[in-house]
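Shown next, in structure tokens, is the structure this report addresses.
The values are calculated or read from the model by the stated rules, or taken from the named source; none is laboratory data. As the structure is a prediction and not an experimental result, all values here were calculated from the model. Positions of Cβ are generated from backbone atoms using ideal geometry, with glycine treated the same way; all protein chains shown enter the neighbour counts. Ligands, DNA and RNA are stripped out before the accessible areas are found, and what is left, the full protein with its side chains, is counted by its heavy atoms. Shrake-Rupley method; radii C 1.70, N 1.55, O 1.52, S 1.80 Å.
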Amino acid sequence: SLPSIAGVRFAVHYRPHARVGGDFYDVVRLDEKHLGFYLADAMGHGVPASLLTIFVKKGVRGKEINGKSYRLIPPAEVLYRLNRELLEQQLPDLPFITMIYALFNCETRTLQFSRAGHPYPVYVPQAGKPVLWQMDGSLLGVFETKFQTQTRQLSPGDRLILYTDGMDAAAFADHPVGLGSLLAAIEAYRELPLDEMVDRLATD
């Protein structure tokens, strides 16, 4: 089950390539008005990628508690800490990991996000064409680096689509394989209820 805060909804379609896979996600309620959520992909399939997801899921920390107070950790710092922990493990044949981590203020509708080599999120405004939110960001577990954070303002009715690399390698209708197909499918289904839109994107 996913956390519920008034005014915010999530929908997920998860289809692993094999019985075990390296794609994983989470949505966490950090306090009364903040949600942290991420989508990640350990490149590769099978048991090694799946085992790595366990380590990464434990390493994603969006809140730091100090006695009776706490601090929400900015997305760039979340990825920086996780990347450093992966490097410290010195794991042989470490699969590349991509991730997007986001912090959302449900009162102000302000979204902060950082990207580590993951496919660009697609912003679907309530009125207007879907657009890619592009930003730099290195893969996790390769070398020590810092990450950028973008801050975006959302409006009622806006949607944000996160996906892993299987989606941008697909073809939709008569559109060529790639991001063009994904954007065309999003445009075609944008008026559907959220759950139905996500399912149609994944199946069609």
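Summary table below
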item	result
Breaking point among (1) in contact (Cβ under 8 Å) with a residue 12 or more places away in the chain; (2) under 20 Å from GLY22 (Cα atoms); (3) hydrophobic (A, V, I, L, M, F, W, C), for PHE104	(2)
Of the criteria (1) free of Cβ contacts under 8 Å to residues at least 24 places away in the same chain; (2) charged (D, E, K, R); (3) farther than 13 Å from HIS13 by Cβ, which one ARG200 fails	(3)
The range 126-178, subset among the acidic types (Asp, Glu) and either open to solvent by 80 Å² or more (accessible area, probe 1.4 Å) or in a loop (DSSP other than H, G, I, E, B) (or both), residue modelled with the highest pLDDT	ASP158
Residue match in the range 157-173 (condition: within 17 Å of ALA42 (Cβ to Cβ), among the aromatic types (Phe, Trp, Tyr) and in contact with a Leu (Cβ under 9 Å, 6 or more places away or on another chain))	yes
Residues of the range 1-55 that turn out to be part of a strand (DSSP E or B), modelled with pLDDT under 85 and in contact with a helix residue (DSSP H, G or I) (Cβ under 6 Å, 6 or more places away or on another chain), as a count	1
Total residues in the range 179-191, condition open to solvent by 40 Å² or more (accessible area, probe 1.4 Å) and of a type in the set (A, V, I, L, M, F, W, C)	3
Looking only at the range 56-79, and only at residues there that are at pLDDT below 95 and assigned to a helix (DSSP H, G or I), the one that is surrounded by the most Cβ atoms within 10 Å (Cβ to Cβ)	VAL56
Yes/no for GLY128 being out of contact with any Pro (no Cβ under 8 Å at 6 or more places or on another chain) and free of Cβ contacts under 8 Å to residues at least 12 places away in the same chain	yes
Output for the range 85-125, where each listed residue is outside any helix (DSSP H, G or I), of a type in the set (S, T, N, Q) and out of contact with any helix residue (DSSP H, G or I) (no Cβ under 7 Å at 6 or more places or on another chain)	GLN90, THR98, ASN105, THR108, THR110
